[in-house]
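The structure appears below as structure tokens.
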């Protein structure tokens, strides 16, 4: 969605709370291997996808050509900033606290796709995505994780991580419609651990 309900002072990559007016939400790539476009024959290009209205949320990215597992979809581009500049990001200017175009690379660096970004920023979240992300240095690549047919919406799991543990999953409702939908774009592992702690404290 240019996250669907989850990009206000939220990052699309894991991390910790930082010192801002609003809590930071990050989304973390969950993939055990690194990619680079040089490792694949497919070249990123607008001819392989298009941006249009999505049944999931707002605008989304849709395949125009078939993709095979491992094919490069594109690079999540934008201005790379450090933690000290996060108050000046495009998401910081947005009044919707559930929206972000920030993708955290690590605890110090973040990509702000609201500045110098490309169409990849329109990819929506899914709890059963057909794409996955990987980080190489200060770059983020998106690859197909299964076969994708023309016309399918391209998605990945945002794995959002609220900067404030008290944030409710209801603030980041998922509308992906998948049979595997967990109801929120918050990272599944974080959600499970939080619920475990809550149950323990309530005993």
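The values are calculated or read from the model by the stated rules, or taken from the named source; none is laboratory data. Everything numeric in this text was worked out from a predicted model, so none of it was measured. With ideal geometry, Cβ positions are generated from the backbone for all residues, glycine too; neighbour counts draw on all protein chains shown.
Some notes on this structure:
Here's the yes/no breakdown for (1) modelled with pLDDT of 90 or more; (2) over 19 Å from residue 57 (Cα atoms):
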| site | (1), (2) |
| --- | --- |
| 124 | yes, no |
| 133 | yes, yes |
| 138 | no, yes |
| 143 | yes, yes |
| 151 | yes, no |
| 161 | no, yes |
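- Here residue 87 meets each of (1) out of contact with any helix residue (DSSP H, G or I) (no Cβ under 9 Å at 6 or more places or on another chain); (2) at pLDDT 65 or above; (3) outside any loop (DSSP other than H, G, I, E, B); (4) surrounded by 13 or more Cβ atoms within 10 Å (Cβ to Cβ) with one exception, condition (2).
- If the condition is being in contact with a helix residue (DSSP H, G or I) (Cβ under 9 Å, 6 or more places away or on another chain) and either at pLDDT 90 or above or closer than 24 Å to residue 104 by Cβ (or both), then segment 35-51 contributes 44, 49, 50, 51.
- Check on residue 32, part of a loop (DSSP other than H, G, I, E, B) and either farther than 19 Å from residue 129 by Cβ or modelled with pLDDT under 90 (or both): yes
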